[in-house]
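The values are calculated or read from the model by the stated rules, or taken from the named source; none is laboratory data. Just so we're clear, the structure is a prediction, and the values are computed from it rather than from any experiment. Cβ: placed from backbone, ideal geometry, glycine included. Neighbour counts: every protein chain shown.
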């Protein structure tokens, strides 16, 4: 199973990605987590090379709540999708964030002989996204940064939904309910028992 989880900051992407990874026994690829680790200087079991360099370039964007430039993220995803642990599938969380990235991901998957099964959009009201984000204790979850991320989400991510919808690859889920119910709804739409 190869899935992309889409949604704004605080929509439950990480929670659902983790649950789906456990269910399907595939790795989770979280660009947000990778970027946080790159910026903090921590290492992810050697899965990613040159994280320190990425962290230096990415930090100013992340600290302003802006998206890291496409080329950096695409290179990161390319290197991750060539690792042997993704042969049976993966769940991408936090990427793509723009229609351009979605198209680039499709080109990359073609090149790697992989195919995206579904893009899952966790639809959550703006107020819920903001309150959930502020309730976490991540260093980049400050009110002005959270608000900026929500604005960027609406500006840049909505065209991705249209992109995947045109390709008949989009599943929209009400993300404003219990995590268990969201997971059950996803599995039902994926036609998984």
Report task. State whether one or more residues within region 70-89 are modelled with pLDDT of 90 or more, crowded, with 20+ Cβ neighbours inside 10 Å and closer than 18 Å to residue 120 by Cβ. Result -> no
Query raised in the report: If you take the residues of region 96-110 that are surrounded by 15 or more Cβ atoms within 10 Å (Cβ to Cβ) and either more than 17 Å from residue 3 (Cβ to Cβ) or in contact with a strand residue (DSSP E or B) (Cβ under 6 Å, 6 or more places away or on another chain) (or both), which of them is modelled with the lowest pLDDT?
Result: 98
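This table checks each residue for (1) free of Cβ contacts under 8 Å to residues at least 12 places away in the same chain; (2) assigned to a helix (DSSP H, G or I).
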site	(1), (2)
145	no, yes
149	no, yes
158	yes, yes
163	no, yes
173	no, no
176	no, no
181	yes, yes
Report task. Inspect all residues belonging to region 170-179 and state whether any of them is touching a helix residue (DSSP H, G or I) at 6+ places or on another chain (Cβ under 9 Å), under 22 Å from residue 73 (Cβ atoms), modelled with pLDDT under 95 and surrounded by 13 or more Cβ atoms within 10 Å (Cβ to Cβ). Result -> no
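Strands (runs of 3 or more DSSP E) wholly in region 1-106 with at least 3 residues that are in contact with a helix residue (DSSP H, G or I) (Cβ under 7 Å, 6 or more places away or on another chain) and touching a residue at least 60 places away in the same chain (Cβ under 8 Å) - which ones? Give the derivation first.
Values: elements: 2-6, 28-30, 90-93.
It comes to 2-6, 28-30.
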